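Here the structure is laid out as C-alpha cells; the discussion comes afterwards.
Rule-based calculations on the coordinates, nothing more; no lab input. These numbers were taken from a predicted model, which means no experiment stands behind them. Note: ideal-geometry Cβ built from the backbone for every residue, glycine included; neighbour counts use all protein chains shown.
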Amino acid sequence: MSTATPAASAQTSTPVGVSTRRDPVFEELGFPPDPENLYTQTVGTMLHAADVIDLHHRVKVILAQPKNELMVHFPVRLDDGKYHLFKGYRVQHNNALGPYKGGLRFHPDVNLDDVKSLALLMTMKCSLVRIPFGGAKGGVKTDPRTLSTGELERVTRRFCTAIMHTIGPDRDIPAPDVGTNAAMMAWFADTYAMTHKATDSLGVVTGKPIAFGGSLGREKATGQGVINTLVELLPSLNISIEGMRISLQGFGNVGSWAGRIVQDLGARIIAVQDHTGCLRNDGGIDCHALAEHVLVSGGIAHFGADSPTGAGARADHGAQAVSEEDFYRTPCDVFIPAALEQMVRAEQADWLGCKVVVEAANAPITPDGDRVLARRGIEVVPAILANAGGVVVSYFEWLQNKASQYWDAEKVDHELNRVMVMAARRTLVCKQKYEVDMRTAAYTSALDHIAQVYNARGIFP
Ligand code: GLU
C-alpha cells in the first residue's frame, strides 16, 4: 500500500516542473480557478515555460486561448430506425506556423475543455518538431464501440459536413486520434471531396488508408516516434535498451506499436494495462501475440493460457492478471502511458516503480503527478516530444498528397527518425540551457519558435 496520500505527496514535493503559482494571465482572461481542469493544467504548463524564456506578454495571452471553438449538434439515423443527436467539436488553437492540424477523437468523455487542451498540445508539438502546422483538435462525444460500421460511417460523414466550412487542405487538417481510424478518415475525405467536387482535396485529412492517399508508415508512426525518441535519449537517461523492462499503459494503436517496436529492439514488456484489465509477466509479454489477441477479442483480458486465439498460450507462458495498483507498482525501467489524459495523478505517481516515464498519450500526468515524480527523481519525457511521430508522418502524408507522389517505407522511417532525433536534441539543449525538467525544456523550444514567427509577422492590422 502507498504510505503517502495524494495530498501529502503534493505538499512534500519539490516545486520542480509546473509551479503551483496561479499565473496572472488566468485572471486577465477570466479563467475560473479549477486546478483539476485539464485546460487550466495545460495552459499552466505552457505559461510556466513561457516565463522561463520571458515570452512576450501578448504571445502568452494569445496562446492561452484558442482562436476558434466550434461546437456542433447533428442527428444521425441509427440501425434501429431511431435518430440520435450527436455533439461534436473542432477547436482551432493557433495557426501562426501554418494550417491548423490535429486529430478527431470519438469517445464518450469528449468535452470542450479537453479538446481545447489537446489543441494547445498540438500547437506545441508541431512547433517543437518544426513542421509548418498549427494546432487543432476535434471529436464527437460517443462510444464508437457501441456503433455498427454503418452507424460509424454516417456519424463520420455527418460530422464532416457539420465542420466542413472551417476545414480544408490549406486551412485545417484533421487526422485519427482515440476511437478513430484510417477507414473513418477515408469516409471523411470522401465526404469532403464529393461536396467540394474537388479532385485535389486528398490532403483535407491525414491517416487515410494506403489505397486512398495514405502514407506508408502512418499507422505505426506515433508508436515508432515514441521509441525513436527513447532510443535517442538513452545516453542522457543512463539506461540501455537490451533487457530494458517496460510497463505499458494502453494497448490501442500507439501502445501496441510502441510495444512491438521496442520488443523487437531487445526490450522486455513486463506489464500491460488496457480498458479490460492489467497483465504482468516478469519473463516478458509478447506484444506481437498480444496484438493478435486484441484484434480478435477487443482487449488484453484473458491473454495467456486460456486465450481464445491460442496466441497467449503459444507465446506468453502465463501472464498473470493483476490489480490496477499492482500494475502501477510493477518495478521496471520505463513506464509508457499510452492511454488517456490525467491517468497518473499524485497517488499513481507515488506508486510507480520506474526510472523514466515516456508519455505516449497526450497529457497522461497531472501537474500534481509531475511534482511527485520530480521529487522521486523519475525523469519524464513529455508528450509533445515523445508522441509527435503521428503528426510528423501526417505532415509527410500531406506533402505526398500535394505532390501526387508516394514515398517508400524506408524514406518515411528515415525522415521520421531524423525529425524525432532533432526534436529530442533540441529539448536536451534547452534543458541544459535553462536548467529545467524535460517537459519545461520542450515547451521553451516550442514557444521560442512561435515567438520568432510572431516577431517576424507582427500582429495584423
Ligand atoms: N492525434 C494525433 C496526435 O495527437 C495525430 C494528429 C495528426 O496527425 O494530425 O498527435
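State the extension gain, in nm to one decimal, for the chain segment bounded by residue 198 and residue 22, taking 0.36 nm per residue of separation less the distance between their alpha-carbons. Working shown, then result.
Numbers: separation 176, 0.36 × 176 = 63.36 nm, distance 4.85 nm.
Here the answer is 58.5 nm.
Within segment 28-117, report the GluC sites (Glu not before Pro) that DSSP leaves as loop and that have at most 14 other Cβ atoms within 10 Å.
Working: sites: 28, 36, 69; in loops: 36.
Qualifying residues, ordered by number: 36.
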Query raised in the report: Using the count of nearby Cβ atoms within 10 Å as a rough guide to exposure, how do 109, 437 rank from fewest to most?
Result: 109, 437
Query raised in the report: Whose amide H sits under 5 Å from the amide H of residue 381, counting only residues 5 or more places off or on another chain, with H placed in the peptide plane?
Result: 357, 358, 359
Query - When segment 111-197 is reduced to its Cα atoms, the Kirkwood hydrodynamic radius in Å - result: 14.0
Query - the chain: projected area of the alpha-carbon convex hull, averaged over directions, in nm² - result: 22.2
Query raised in the report: Which residue, chosen from 48, 257, 456, occupies the Cα position most advanced towards the positive end of the dipole of the chain, where the dipole is computed from +1 (Lys, Arg) and -1 (Asp, Glu) charges on Cβ about the Cα centre?
Result: 456
**Report entry** Under the Karplus curve 6.51 cos²θ - 1.76 cosθ + 1.60, θ = phi - 60°, whole-Hz ³J(HN,Hα) for segment 258-275, x wherever Gly or Pro sits
**Finding:** 4, x, 5, 5, 6, 4, 5, 8, x, 7, 10, 8, 9, 8, 9, 10, 9, 5
**Report entry** At R0 = 30 Å, FRET efficiency that the Cβ-Cβ distance of residue 241 and residue 276 yields, to 0.05
**Finding:** 0.60
Report task. With the convex hull built on the Cα atoms of segment 193-291, state its orientation-averaged projected area in nm². Result -> 8.7
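Using a simple charge model, +1 on the beta-carbon of Lys and Arg, -1 on the beta-carbon of Asp and Glu, nothing else, what dipole does segment 38-115 show about its Cα centre, in debye to the nearest 20? Provide the component values of the computation, followed by the final result.
On the way: 9 positive and 8 negative charges, 61 e Å.
Charge dipole, segment 38-115, about its Cα centre: 300 debye, nearest 20.
Among the listed pairs 82/116; 82/137; 60/355; 60/137, which are separated by more than 24 Å between their Cα atoms? Don't skip to the end; give the middle numbers.
Working: 82/116 32 Å; 82/137 29 Å; 60/355 33 Å; 60/137 20 Å.
Those over the limit are 82/116; 82/137; 60/355.
Based on the mean of other Cβ atoms within 10 Å per residue, sort peptides 264-273, 450-459 so the most packed one is first. Write out the running numbers ahead of the final one.
Values: 264-273: 20.8, 450-459: 12.6.
Highest to lowest by the protection proxy: 264-273, 450-459.
What is the extension gain from residue 324 to residue 87, computed as 0.36 nm multiplied by their sequence separation minus the C-alpha to C-alpha distance, in nm to one decimal?
Details: separation 237, 0.36 × 237 = 85.32 nm, distance 3.18 nm.
So the extension gain works out to 82.1 nm.
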Requested in this report: Sort the following peptides by mean Cβ neighbour count (other Cβ atoms within 10 Å, averaged over residues), highest first: 352-364, 120-132.
Outcome: 120-132, 352-364
Report task. Please get the size of the charge dipole for the chain, origin at its Cα centre, with Cβ charges of +1 on Lys and Arg and -1 on Asp and Glu, quoted in debye to the nearest 20. Result -> 1120
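Ranking 330, 444 by Cβ neighbours within 10 Å, fewest first, what do you get? Walk me through the numbers on the way to the answer.
Working: 330 22, 444 26.
With the sparsest Cβ surroundings first, the list reads 330, 444.
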**Report entry** Assigned charges on the beta-carbon of Lys, Arg, Asp, Glu; segment 64-193 dipole about Cα centre (debye)
**Finding:** 240
Report summary line: The long-range amide H neighbours of residue 107, using H built 1.01 Å from N in the peptide plane and a cut-off of under 5 Å, are 140, 142
Query raised in the report: What list of ³J(HN,Hα) couplings, whole Hz, do you get for segment 62-74 from phi and the Karplus terms 6.51, -1.76, 1.60, once you set θ to phi - 60° and write x for glycine and proline?
Result: 4, 6, 6, 10, x, 5, 9, 10, 10, 10, 10, 10, 8
Report summary line: Per the 1/(1 + (r/R0)^6) rule, R0 = 25 Å and r from the Cβ atoms of residue 429 and residue 56, FRET efficiency to 0.05 is 0.70
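Considering only DSSP beta bridges where both residues belong to the chain, give the percentage that are antiparallel (nearest 5). Intermediate results must be reported in sequence, preceding the final value.
Numbers: 24 of 47 bridges.
Of the beta bridges lying entirely in the chain, close to 50 percent run antiparallel.
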Report task. Positive end of the charge dipole of the chain (Lys, Arg +1 and Asp, Glu -1 on Cβ, about the Cα centre): tell me which of 427, 246, 362 has its Cα farthest that way. Result -> 427
Report summary line: note: segment 34-166, Cα-Cα separations exceeding 21 Å make up a percent value of 45
